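J.: Sharing a structure here in C-alpha coordinates format.
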Amino acid sequence: MASGEVSFGPPPRIDVEADVVVIGAGACGLTAALRAKAEGAEIIVLERDPSPSGSTSMSSGFVPAPATRFQRAIGVDDDSPARFEADILAKSKGLSDHRLARLASRTIGPAIEWLADAHGLEWIVLDDFLYPGHSRHRMHAVPEKTGAALLARLLAAAERSDIPVVTRARVTRLFVRERRIEAVEVERPDGEVEFVGCKALVLACNGYGGNPALVRRHVPEIADALYYGHAGNTGDALMWGQSLGAECRHLSGYQGHGSLAYPHGILISWALMMEGAIQVNAEGKRFSNEHGGYSEQAVKVLHQSGGTAWDIFDERIHAFALSFPDYREAVEAGAVRRAGDIAGLAALTGAPAVALASTLATTGALSRGEGIDAFGRDFTGRPALQAPFYAVRVTGALFHTQGGLLIDNKAFVVHRDGKSFTNLLAGGGAACGVSGPDVCGYLSGNGLLTAIAFGFIAGASAARVR
Ligand SMILES: Cc1cc2nc3c(=O)[nH]c(=O)nc-3n(C[C@H](O)[C@H](O)[C@H](O)COP(=O)(O)OP(=O)(O)OC[C@H]3O[C@@H](n4cnc5c(N)ncnc54)[C@H](O)[C@@H]3O)c2cc1C
(Lines give C-alpha, C1' and ligand atoms only; values in the text may rest on other atoms or scores of the structure.)
Protein backbone atom coordinates (compact mmCIF):
# COMPACT_ATOMS: atom_id res chain seq x y z
CA MET A 1 0.00 0.00 0.00
CA ALA A 2 1.56 3.31 -1.08
CA SER A 3 1.69 6.28 1.24
CA GLY A 4 3.30 9.66 1.58
CA GLU A 5 3.37 10.18 -2.20
CA VAL A 6 3.10 13.37 -4.25
CA SER A 7 1.97 13.83 -7.86
CA PHE A 8 2.93 17.07 -9.56
CA GLY A 9 -0.18 17.58 -11.66
CA PRO A 10 -3.96 17.50 -11.43
CA PRO A 11 -5.92 14.58 -9.97
CA PRO A 12 -7.72 12.23 -12.40
CA ARG A 13 -11.06 13.59 -11.13
CA ILE A 14 -12.58 15.31 -8.12
CA ASP A 15 -15.22 13.25 -6.26
CA VAL A 16 -15.90 15.75 -3.50
CA GLU A 17 -14.40 19.05 -2.41
CA ALA A 18 -14.20 21.36 0.57
CA ASP A 19 -12.62 24.70 1.39
CA VAL A 20 -10.37 23.07 3.97
CA VAL A 21 -9.31 19.44 4.08
CA VAL A 22 -7.77 18.28 7.34
CA ILE A 23 -5.78 15.04 7.47
CA GLY A 24 -6.03 13.40 10.90
CA ALA A 25 -8.72 13.52 13.58
CA GLY A 26 -6.56 14.01 16.67
CA ALA A 27 -6.35 17.09 18.88
CA CYS A 28 -4.63 19.11 16.15
CA GLY A 29 -6.97 18.18 13.30
CA LEU A 30 -10.16 18.63 15.28
CA THR A 31 -9.06 21.96 16.77
CA ALA A 32 -8.12 23.17 13.28
CA ALA A 33 -11.45 21.97 11.87
CA LEU A 34 -13.49 23.64 14.63
CA ARG A 35 -11.64 26.92 14.17
CA ALA A 36 -11.87 26.87 10.36
CA LYS A 37 -15.59 26.13 10.57
CA ALA A 38 -16.09 29.02 12.99
CA GLU A 39 -14.36 31.25 10.42
CA GLY A 40 -16.94 30.27 7.81
CA ALA A 41 -15.14 27.56 5.83
CA GLU A 42 -16.53 24.18 4.79
CA ILE A 43 -14.36 21.40 6.13
CA ILE A 44 -13.73 17.70 5.62
CA VAL A 45 -11.62 15.79 8.14
CA LEU A 46 -10.08 12.60 6.73
CA GLU A 47 -9.08 9.94 9.26
CA ARG A 48 -7.54 6.58 8.42
CA ASP A 49 -8.93 4.71 11.45
CA PRO A 50 -12.46 3.26 11.71
CA SER A 51 -12.87 5.27 14.89
CA PRO A 52 -10.63 8.28 15.60
CA SER A 53 -8.19 7.73 18.41
CA GLY A 54 -4.70 8.91 17.50
CA SER A 55 -2.01 9.52 20.08
CA THR A 56 -4.38 12.09 21.55
CA SER A 57 -6.67 9.43 22.96
CA MET A 58 -3.69 7.41 24.27
CA SER A 59 -2.32 10.45 26.07
CA SER A 60 -2.94 11.61 29.61
CA GLY A 61 -4.63 14.61 28.05
CA PHE A 62 -2.68 17.20 30.05
CA VAL A 63 -2.39 20.54 28.23
CA PRO A 64 -0.05 23.22 29.59
CA ALA A 65 -1.36 26.77 29.22
CA PRO A 66 -0.37 30.00 31.00
CA ALA A 67 -2.49 32.90 32.27
CA THR A 68 -5.87 31.23 31.78
CA ARG A 69 -9.00 32.02 33.72
CA PHE A 70 -8.98 28.39 34.90
CA GLN A 71 -5.65 29.03 36.62
CA ARG A 72 -6.85 32.28 38.14
CA ALA A 73 -9.91 30.48 39.49
CA ILE A 74 -7.63 28.37 41.70
CA GLY A 75 -5.37 31.25 42.66
CA VAL A 76 -2.56 30.88 40.11
CA ASP A 77 -2.45 34.50 39.01
CA ASP A 78 1.24 35.09 38.32
CA ASP A 79 1.74 32.89 35.24
CA SER A 80 2.34 34.39 31.81
CA PRO A 81 3.21 33.35 28.25
CA ALA A 82 6.72 34.75 28.82
CA ARG A 83 7.21 32.58 31.92
CA PHE A 84 5.97 29.50 30.07
CA GLU A 85 8.21 30.26 27.09
CA ALA A 86 11.17 30.57 29.48
CA ASP A 87 10.33 27.14 30.96
CA ILE A 88 10.13 25.59 27.47
CA LEU A 89 13.50 27.06 26.52
CA ALA A 90 15.11 26.11 29.84
CA LYS A 91 14.07 22.48 29.38
CA SER A 92 15.59 22.31 25.89
CA LYS A 93 18.67 24.25 27.03
CA GLY A 94 17.75 26.93 24.53
CA LEU A 95 17.70 24.49 21.60
CA SER A 96 13.96 24.74 20.82
CA ASP A 97 13.00 26.92 17.89
CA HIS A 98 12.54 30.19 19.84
CA ARG A 99 9.95 31.64 17.47
CA LEU A 100 7.77 28.54 17.70
CA ALA A 101 8.13 28.40 21.50
CA ARG A 102 6.89 31.98 21.68
CA LEU A 103 4.06 31.32 19.22
CA ALA A 104 2.88 28.23 21.12
CA SER A 105 3.12 29.76 24.59
CA ARG A 106 1.12 32.84 23.51
CA THR A 107 -1.52 30.91 21.61
CA ILE A 108 -2.39 27.99 23.87
CA GLY A 109 -4.20 29.99 26.58
CA PRO A 110 -6.57 31.72 24.13
CA ALA A 111 -7.01 28.40 22.27
CA ILE A 112 -8.23 26.41 25.27
CA GLU A 113 -10.40 29.30 26.48
CA TRP A 114 -11.93 29.43 22.99
CA LEU A 115 -12.59 25.67 23.08
CA ALA A 116 -14.40 26.26 26.37
CA ASP A 117 -16.38 29.29 25.22
CA ALA A 118 -17.27 28.19 21.71
CA HIS A 119 -17.53 24.42 22.24
CA GLY A 120 -18.15 23.85 25.92
CA LEU A 121 -14.92 22.01 26.74
CA GLU A 122 -14.46 22.02 30.51
CA TRP A 123 -10.95 22.48 31.88
CA ILE A 124 -9.58 21.85 35.33
CA VAL A 125 -6.04 22.74 36.43
CA LEU A 126 -3.98 20.00 38.07
CA ASP A 127 -2.52 21.65 41.14
CA ASP A 128 -1.50 18.74 43.34
CA PHE A 129 1.98 18.33 41.82
CA LEU A 130 4.33 20.12 39.45
CA TYR A 131 5.77 18.34 36.44
CA PRO A 132 9.56 18.66 35.95
CA GLY A 133 10.45 22.01 34.44
CA HIS A 134 7.12 23.79 34.96
CA SER A 135 7.47 26.77 37.29
CA ARG A 136 3.70 27.17 37.76
CA HIS A 137 0.64 24.94 38.00
CA ARG A 138 -0.55 25.26 34.41
CA MET A 139 -1.44 21.71 33.36
CA HIS A 140 -5.06 21.70 32.19
CA ALA A 141 -7.20 18.62 31.62
CA VAL A 142 -10.83 17.80 31.00
CA PRO A 143 -12.47 16.58 34.22
CA GLU A 144 -11.97 12.88 33.39
CA LYS A 145 -8.19 13.55 33.18
CA THR A 146 -7.66 11.34 30.12
CA GLY A 147 -6.73 11.94 26.51
CA ALA A 148 -9.60 9.67 25.44
CA ALA A 149 -12.08 12.02 27.14
CA LEU A 150 -10.39 15.05 25.58
CA LEU A 151 -10.71 13.50 22.12
CA ALA A 152 -14.32 12.46 22.78
CA ARG A 153 -15.19 16.04 23.71
CA LEU A 154 -13.50 17.40 20.58
CA LEU A 155 -15.31 14.85 18.40
CA ALA A 156 -18.65 15.74 20.00
CA ALA A 157 -17.95 19.42 19.31
CA ALA A 158 -17.15 18.60 15.67
CA GLU A 159 -20.41 16.69 15.36
CA ARG A 160 -22.41 19.57 16.86
CA SER A 161 -20.68 21.87 14.37
CA ASP A 162 -21.67 19.64 11.41
CA ILE A 163 -18.06 18.93 10.52
CA PRO A 164 -17.82 15.66 8.59
CA VAL A 165 -15.14 13.40 10.05
CA VAL A 166 -14.73 10.75 7.38
CA THR A 167 -13.22 7.59 8.83
CA ARG A 168 -11.52 4.65 7.09
CA ALA A 169 -10.13 7.36 4.81
CA ARG A 170 -6.38 7.07 4.50
CA VAL A 171 -4.76 9.84 2.49
CA THR A 172 -2.06 8.32 0.31
CA ARG A 173 -1.15 11.05 -2.16
CA LEU A 174 -1.19 14.83 -2.65
CA PHE A 175 -1.78 16.46 -6.04
CA VAL A 176 0.26 19.62 -6.34
CA ARG A 177 0.71 22.28 -9.02
CA GLU A 178 3.02 25.25 -8.63
CA ARG A 179 3.38 24.59 -4.92
CA ARG A 180 -0.39 24.60 -4.45
CA ILE A 181 -2.20 21.53 -3.15
CA GLU A 182 -5.19 20.87 -5.41
CA ALA A 183 -6.47 17.58 -4.07
CA VAL A 184 -5.69 14.48 -2.08
CA GLU A 185 -6.15 10.82 -2.90
CA VAL A 186 -8.01 8.78 -0.30
CA GLU A 187 -7.73 5.03 -0.09
CA ARG A 188 -10.53 3.02 1.49
CA PRO A 189 -9.98 -0.35 3.23
CA ASP A 190 -11.54 -2.18 0.24
CA GLY A 191 -9.01 -0.56 -2.10
CA GLU A 192 -11.45 1.96 -3.55
CA VAL A 193 -9.86 5.34 -4.27
CA GLU A 194 -11.48 8.79 -4.03
CA PHE A 195 -10.17 12.25 -4.87
CA VAL A 196 -10.95 15.16 -2.58
CA GLY A 197 -10.34 18.72 -3.81
CA CYS A 198 -9.38 21.53 -1.43
CA LYS A 199 -8.52 25.20 -1.27
CA ALA A 200 -6.30 24.57 1.76
CA LEU A 201 -4.83 21.42 3.29
CA VAL A 202 -3.98 21.01 6.98
CA LEU A 203 -1.55 18.20 7.84
CA ALA A 204 -2.59 17.02 11.29
CA CYS A 205 -1.46 13.40 10.91
CA ASN A 206 1.28 13.52 13.58
CA GLY A 207 4.88 12.34 13.24
CA TYR A 208 6.77 9.17 12.32
CA GLY A 209 6.87 7.22 15.57
CA GLY A 210 4.86 4.46 13.87
CA ASN A 211 7.35 4.12 11.01
CA PRO A 212 10.28 1.96 12.21
CA ALA A 213 12.49 2.85 9.23
CA LEU A 214 12.08 6.60 9.79
CA VAL A 215 12.66 6.20 13.55
CA ARG A 216 15.84 4.24 12.89
CA ARG A 217 17.04 6.87 10.42
CA HIS A 218 16.31 9.94 12.53
CA VAL A 219 16.32 8.67 16.14
CA PRO A 220 18.48 5.52 16.20
CA GLU A 221 18.95 5.63 19.98
CA ILE A 222 15.30 4.70 20.57
CA ALA A 223 14.75 2.52 17.49
CA ASP A 224 14.79 -0.75 19.44
CA ALA A 225 12.42 0.47 22.15
CA LEU A 226 8.69 -0.04 22.28
CA TYR A 227 6.68 2.61 20.39
CA TYR A 228 3.78 3.53 22.63
CA GLY A 229 2.10 6.12 20.41
CA HIS A 230 -0.57 5.57 17.78
CA ALA A 231 0.46 2.95 15.22
CA GLY A 232 -1.14 4.88 12.36
CA ASN A 233 1.28 7.81 12.67
CA THR A 234 3.62 6.59 9.97
CA GLY A 235 5.29 9.83 8.93
CA ASP A 236 3.13 10.72 5.93
CA ALA A 237 3.34 14.46 6.64
CA LEU A 238 7.13 14.27 6.76
CA MET A 239 7.31 12.28 3.51
CA TRP A 240 4.95 14.66 1.69
CA GLY A 241 6.84 17.65 3.04
CA GLN A 242 10.20 16.28 1.98
CA SER A 243 8.91 15.53 -1.54
CA LEU A 244 7.64 19.12 -1.76
CA GLY A 245 10.92 20.67 -0.58
CA ALA A 246 9.60 21.72 2.82
CA GLU A 247 12.01 22.78 5.52
CA CYS A 248 12.16 20.00 8.15
CA ARG A 249 13.63 20.61 11.60
CA HIS A 250 14.68 18.72 14.72
CA LEU A 251 13.95 15.30 13.25
CA SER A 252 16.04 13.71 16.00
CA GLY A 253 13.77 15.22 18.68
CA TYR A 254 11.25 13.01 20.43
CA GLN A 255 9.33 12.38 23.59
CA GLY A 256 10.33 9.27 25.44
CA HIS A 257 9.00 8.02 28.73
CA GLY A 258 10.90 6.17 31.41
CA SER A 259 7.98 4.61 33.24
CA LEU A 260 5.90 2.23 31.18
CA ALA A 261 4.79 -0.83 33.18
CA TYR A 262 6.59 -3.88 31.82
CA PRO A 263 5.36 -6.07 30.23
CA HIS A 264 1.85 -4.65 30.68
CA GLY A 265 2.48 -1.53 28.60
CA ILE A 266 0.59 0.83 30.90
CA LEU A 267 1.80 4.35 31.66
CA ILE A 268 2.81 4.92 35.29
CA SER A 269 2.51 8.68 35.71
CA TRP A 270 5.66 10.58 36.47
CA ALA A 271 3.65 12.35 39.15
CA LEU A 272 4.68 9.44 41.41
CA MET A 273 8.35 10.44 41.05
CA MET A 274 7.51 14.04 41.78
CA GLU A 275 5.72 12.85 44.93
CA GLY A 276 8.79 10.96 46.20
CA ALA A 277 9.01 7.64 44.33
CA ILE A 278 12.43 6.46 43.16
CA GLN A 279 13.72 4.24 40.36
CA VAL A 280 16.19 1.44 41.02
CA ASN A 281 17.84 -1.08 38.73
CA ALA A 282 18.23 -4.85 39.11
CA GLU A 283 21.04 -4.22 41.59
CA GLY A 284 18.70 -2.23 43.83
CA LYS A 285 20.55 1.01 43.12
CA ARG A 286 19.33 4.36 41.84
CA PHE A 287 20.96 5.40 38.59
CA SER A 288 19.72 8.95 37.86
CA ASN A 289 18.02 12.12 39.05
CA GLU A 290 14.38 11.09 38.56
CA HIS A 291 13.37 14.75 38.59
CA GLY A 292 15.39 15.53 35.46
CA GLY A 293 12.47 14.67 33.19
CA TYR A 294 10.56 11.55 32.17
CA SER A 295 11.44 11.90 28.50
CA GLU A 296 15.22 11.48 28.85
CA GLN A 297 14.58 8.86 31.53
CA ALA A 298 13.49 6.50 28.72
CA VAL A 299 17.07 6.21 27.53
CA LYS A 300 18.46 5.91 31.06
CA VAL A 301 16.08 3.03 31.89
CA LEU A 302 16.87 1.28 28.60
CA HIS A 303 20.56 1.38 29.54
CA GLN A 304 19.93 -0.66 32.70
CA SER A 305 20.28 -4.43 32.71
CA GLY A 306 17.39 -5.97 30.74
CA GLY A 307 16.28 -2.50 29.65
CA THR A 308 14.03 -2.24 32.72
CA ALA A 309 13.96 -0.65 36.17
CA TRP A 310 11.65 -0.64 39.20
CA ASP A 311 9.54 2.28 40.36
CA ILE A 312 9.57 2.06 44.18
CA PHE A 313 7.15 3.98 46.41
CA ASP A 314 4.96 3.59 49.46
CA GLU A 315 1.36 3.61 50.69
CA ARG A 316 1.10 7.42 50.70
CA ILE A 317 2.16 7.65 47.04
CA HIS A 318 0.03 4.65 46.07
CA ALA A 319 -3.04 6.41 47.54
CA PHE A 320 -2.13 9.60 45.62
CA ALA A 321 -1.60 7.67 42.37
CA LEU A 322 -5.02 6.02 42.54
CA SER A 323 -6.51 9.30 41.28
CA PHE A 324 -4.97 8.56 37.85
CA PRO A 325 -7.00 6.28 35.55
CA ASP A 326 -3.81 4.79 34.04
CA TYR A 327 -2.55 3.86 37.46
CA ARG A 328 -5.81 2.19 38.43
CA GLU A 329 -5.59 0.20 35.21
CA ALA A 330 -2.05 -0.85 36.14
CA VAL A 331 -3.27 -1.99 39.57
CA GLU A 332 -6.04 -4.03 37.96
CA ALA A 333 -3.56 -5.57 35.51
CA GLY A 334 -1.36 -6.72 38.40
CA ALA A 335 1.55 -4.45 37.45
CA VAL A 336 1.64 -2.75 40.87
CA ARG A 337 2.99 -5.09 43.55
CA ARG A 338 3.12 -4.66 47.31
CA ALA A 339 5.75 -5.76 49.81
CA GLY A 340 5.45 -5.52 53.59
CA ASP A 341 9.15 -4.84 54.16
CA ILE A 342 12.53 -4.62 52.47
CA ALA A 343 12.94 -8.41 52.42
CA GLY A 344 9.61 -8.69 50.58
CA LEU A 345 10.64 -5.93 48.20
CA ALA A 346 13.86 -7.82 47.47
CA ALA A 347 11.89 -11.00 46.84
CA LEU A 348 9.52 -9.41 44.36
CA THR A 349 12.09 -7.32 42.48
CA GLY A 350 14.97 -9.80 42.59
CA ALA A 351 17.27 -6.99 43.76
CA PRO A 352 19.59 -7.66 46.73
CA ALA A 353 17.96 -6.72 50.05
CA VAL A 354 21.18 -5.14 51.33
CA ALA A 355 21.38 -2.79 48.34
CA LEU A 356 17.69 -1.89 48.58
CA ALA A 357 18.05 -1.17 52.29
CA SER A 358 21.04 1.05 51.59
CA THR A 359 19.22 2.92 48.79
CA LEU A 360 16.16 3.52 50.96
CA ALA A 361 18.29 4.60 53.94
CA THR A 362 20.16 7.07 51.73
CA THR A 363 17.03 8.58 50.16
CA GLY A 364 15.38 8.69 53.59
CA ALA A 365 18.31 10.71 54.95
CA LEU A 366 18.18 13.00 51.90
CA SER A 367 14.48 13.65 52.51
CA ARG A 368 15.39 14.80 56.03
CA GLY A 369 17.88 17.21 54.48
CA GLU A 370 20.93 15.14 55.44
CA GLY A 371 23.54 15.16 52.69
CA ILE A 372 23.47 15.89 48.98
CA ASP A 373 22.18 13.45 46.38
CA ALA A 374 24.91 12.10 44.11
CA PHE A 375 22.54 12.54 41.14
CA GLY A 376 21.43 16.05 42.11
CA ARG A 377 17.81 15.37 43.11
CA ASP A 378 16.27 17.42 45.91
CA PHE A 379 14.45 14.99 48.21
CA THR A 380 13.37 17.55 50.79
CA GLY A 381 9.70 18.45 51.07
CA ARG A 382 8.49 14.86 50.86
CA PRO A 383 8.62 12.25 53.66
CA ALA A 384 10.99 9.27 53.51
CA LEU A 385 9.56 6.15 51.86
CA GLN A 386 8.36 3.68 54.46
CA ALA A 387 6.97 0.14 54.54
CA PRO A 388 4.77 -1.23 53.14
CA PHE A 389 6.42 -0.64 49.78
CA TYR A 390 5.04 -0.78 46.24
CA ALA A 391 6.99 -1.70 43.12
CA VAL A 392 6.27 -1.58 39.39
CA ARG A 393 8.69 -2.97 36.81
CA VAL A 394 9.01 -0.42 34.01
CA THR A 395 10.78 0.13 30.72
CA GLY A 396 11.57 3.10 28.49
CA ALA A 397 9.46 3.80 25.41
CA LEU A 398 9.10 6.15 22.47
CA PHE A 399 5.87 8.15 22.79
CA HIS A 400 6.05 10.42 19.79
CA THR A 401 8.46 12.29 17.56
CA GLN A 402 8.94 16.03 17.98
CA GLY A 403 10.58 17.05 14.73
CA GLY A 404 8.70 17.84 11.54
CA LEU A 405 7.72 20.46 9.01
CA LEU A 406 8.73 24.01 9.85
CA ILE A 407 5.71 26.32 9.93
CA ASP A 408 5.49 30.11 9.92
CA ASN A 409 3.54 32.19 12.44
CA LYS A 410 0.29 31.48 10.58
CA ALA A 411 1.00 27.73 10.49
CA PHE A 412 1.78 27.64 6.76
CA VAL A 413 4.52 25.14 5.92
CA VAL A 414 7.81 26.83 5.00
CA HIS A 415 9.75 25.76 1.89
CA ARG A 416 13.51 25.25 2.04
CA ASP A 417 13.88 28.50 0.06
CA GLY A 418 12.30 30.38 3.01
CA LYS A 419 8.96 31.12 1.31
CA SER A 420 5.76 29.75 2.81
CA PHE A 421 3.44 27.48 0.85
CA THR A 422 0.21 29.34 0.10
CA ASN A 423 -2.27 26.59 1.01
CA LEU A 424 -0.37 23.91 2.92
CA LEU A 425 -0.51 24.08 6.71
CA ALA A 426 0.60 21.83 9.56
CA GLY A 427 0.40 21.47 13.31
CA GLY A 428 0.81 19.00 16.16
CA GLY A 429 3.22 16.15 15.58
CA ALA A 430 3.30 16.81 11.83
CA ALA A 431 5.10 20.11 12.44
CA CYS A 432 8.41 20.90 14.07
CA GLY A 433 7.64 21.20 17.78
CA VAL A 434 9.22 23.16 20.60
CA SER A 435 11.39 20.45 22.14
CA GLY A 436 14.61 20.95 20.19
CA PRO A 437 16.70 18.22 18.58
CA ASP A 438 16.91 15.61 21.35
CA VAL A 439 15.04 13.66 23.99
CA CYS A 440 16.04 15.99 26.86
CA GLY A 441 14.19 18.96 25.40
CA TYR A 442 10.67 17.65 25.93
CA LEU A 443 8.89 19.68 28.58
CA SER A 444 5.84 17.83 29.81
CA GLY A 445 2.86 18.79 27.68
CA ASN A 446 4.82 19.97 24.62
CA GLY A 447 2.82 17.46 22.54
CA LEU A 448 -0.74 18.63 23.07
CA LEU A 449 0.59 22.18 23.36
CA THR A 450 1.59 22.27 19.71
CA ALA A 451 -1.33 20.09 18.62
CA ILE A 452 -3.94 22.48 20.01
CA ALA A 453 -2.07 25.80 19.63
CA PHE A 454 -0.86 25.21 16.07
CA GLY A 455 -4.17 23.55 15.12
CA PHE A 456 -5.96 26.65 16.39
CA ILE A 457 -3.80 28.91 14.22
CA ALA A 458 -3.89 26.58 11.21
CA GLY A 459 -7.70 26.47 11.24
CA ALA A 460 -8.02 30.25 11.14
CA SER A 461 -5.36 30.62 8.43
CA ALA A 462 -6.74 27.80 6.27
CA ALA A 463 -10.24 29.30 6.33
CA ARG A 464 -8.87 32.51 4.80
CA VAL A 465 -7.18 30.81 1.85
CA ARG A 466 -9.01 31.61 -1.37
C1 LIG B 1 0.99 7.49 26.27
C2 LIG B 1 1.08 8.93 25.84
C3 LIG B 1 0.80 9.91 26.77
C4 LIG B 1 0.88 11.26 26.39
N5 LIG B 1 0.50 12.22 27.29
C6 LIG B 1 0.55 13.51 26.90
C7 LIG B 1 0.08 14.53 27.77
O8 LIG B 1 -0.45 14.30 28.86
N9 LIG B 1 0.23 15.84 27.37
C10 LIG B 1 0.75 16.15 26.15
O11 LIG B 1 0.87 17.32 25.84
N12 LIG B 1 1.12 15.20 25.26
C13 LIG B 1 1.02 13.90 25.61
N14 LIG B 1 1.36 12.94 24.72
C15 LIG B 1 1.68 13.35 23.33
C16 LIG B 1 0.36 13.69 22.60
O17 LIG B 1 -0.50 12.58 22.66
C18 LIG B 1 0.62 14.05 21.14
O19 LIG B 1 1.63 15.01 21.06
C20 LIG B 1 -0.65 14.63 20.49
O21 LIG B 1 -1.75 13.79 20.74
C22 LIG B 1 -0.46 14.83 19.00
O23 LIG B 1 -1.70 15.22 18.45
P24 LIG B 1 -1.91 15.16 16.89
O25 LIG B 1 -3.29 15.66 16.64
O26 LIG B 1 -0.78 15.84 16.21
O27 LIG B 1 -1.79 13.61 16.51
P28 LIG B 1 -2.76 12.35 16.79
O29 LIG B 1 -3.62 12.54 17.97
O30 LIG B 1 -1.89 11.14 16.77
O31 LIG B 1 -3.70 12.34 15.52
C32 LIG B 1 -3.18 12.06 14.23
C33 LIG B 1 -4.23 11.31 13.45
O34 LIG B 1 -3.85 11.27 12.07
C35 LIG B 1 -4.27 10.02 11.55
N36 LIG B 1 -3.49 9.76 10.34
C37 LIG B 1 -2.17 9.53 10.22
N38 LIG B 1 -1.83 9.39 8.93
C39 LIG B 1 -2.96 9.55 8.22
C40 LIG B 1 -3.25 9.50 6.82
N41 LIG B 1 -2.29 9.29 5.89
N42 LIG B 1 -4.53 9.68 6.42
C43 LIG B 1 -5.53 9.88 7.33
N44 LIG B 1 -5.30 9.92 8.67
C45 LIG B 1 -4.03 9.77 9.09
C46 LIG B 1 -4.02 9.05 12.67
O47 LIG B 1 -4.78 7.87 12.53
C48 LIG B 1 -4.42 9.88 13.90
O49 LIG B 1 -5.78 9.67 14.25
C50 LIG B 1 1.29 11.59 25.07
C51 LIG B 1 1.57 10.59 24.14
C52 LIG B 1 1.46 9.26 24.51
C53 LIG B 1 1.74 8.22 23.49
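The values are calculated or read from the model by the stated rules, or taken from the named source; none is laboratory data. Since the model is a prediction, treat every value here as computed from it, not as a measurement. Ideal geometry is used to build each Cβ from the backbone, glycine not excepted, and the neighbour counts take in all protein chains shown. Ligands, DNA and RNA are excluded from the accessible area calculation, which covers all protein heavy atoms including side chains. Shrake-Rupley method; radii C 1.70, N 1.55, O 1.52, S 1.80 Å.
J.: Over the chain, what relative contact order in percent results from Cα pairs under 8 Å that are six or more residues apart?
T.: Relative contact order of the chain: 25 percent.
J.: Suppose every K and R has +1 on its Cβ and every D and E has -1 on its Cβ; what is the size of the dipole of segment 246-350 about the Cα centre, in Debye to the nearest 20?
T.: Roughly 160 debye, rounded to the nearest 20.
J.: Multiplying the sequence separation of Phe129 and Lys93 by 0.36 nm and subtracting their Cα-Cα distance, what value in nm do you get? Could you put the intermediate results ahead of the total?
T.: Working: separation 36, 0.36 × 36 = 12.96 nm, distance 2.31 nm.
Length difference between fully extended and current span is 10.7 nm.
J.: Could I ask something else about it? Taking a cut-off of 28 Å between Cα atoms, list the lysines near Lys93, but don't count ones fewer than 8 places away on the same chain.
T.: Filter leaves Lys300, Lys410.
J.: Alpha carbons only, please: Rg and Dmax for segment 334-466, in angstrom.
T.: Cα radius of gyration and Dmax of segment 334-466 are 23.8, 71 Å respectively.
J.: Which of the helices in the chain, when you take each full DSSP H run, stretch at least 24 Å along the axis at their Cα atoms and have an average Kyte-Doolittle score of -0.5 or higher? Before the final figure, lay out each step's value.
T.: Numbers: long enough: 98-119 (31 Å, -0.09); 446-463 (25 Å, 1.49).
Going by DSSP H runs, the hits are 98-119, 446-463.
J.: Roughly speaking, what is the centre-to-centre gap between segment 273-316 and segment 1-70 when only Cα atoms are used, to the nearest Å?
T.: Measuring centre to centre over Cα atoms gives 37 Å.
J.: At R0 = 45 Å, how high is the FRET efficiency between Glu122 and Ala374 if r is their beta carbon distance? Nearest 0.05 is fine.
T.: Using R0 = 45 Å, I get an efficiency of 0.55.
J.: Rounding to the nearest 20 debye, state how big the charge dipole of segment 1-141 is about its Cα centre with +1 on each Lys and Arg Cβ and -1 on each Asp and Glu Cβ.
T.: 480 debye
J.: At a probe size of 1.4 Å, how large is the accessible area of Tyr131, to the nearest 10 Å²?
T.: Per-residue accessible area (Tyr131): approximately 20 Å².
J.: Okay, moving on. For a bin width of 20 Å, list the pair-distance distribution of the chain built from all Cα-Cα distances, rounded to whole %.
T.: 26, 54, 19, 2
J.: Please compute the length gained on full extension between Glu283 and Ser80, using 0.36 nm multiplied by the number of residues separating them and subtracting their Cα-Cα distance.
T.: Answer, rounded to one decimal: 68.7 nm.
J.: For a protection proxy built on the mean count of beta-carbon atoms within 10 angstrom, sort 313-322, 146-155, 398-407, 69-78 highest first, please.
T.: 398-407, 146-155, 313-322, 69-78
J.: So, one more: Sort His264, His250 from largest to smallest accessible area, using a 1.4 Å probe on the heavy atoms of the protein chains. Mind dumping the intermediate values first?
T.: Numbers: His264 75, His250 45 Å².
Listed by decreasing accessible area, they come as His264, His250.
J.: Please work out the Cα center distance from segment 410-455 to segment 175-194, rounded to the nearest Å.
T.: Between the Cα centre of segment 410-455 and that of segment 175-194, the gap is 23 Å.
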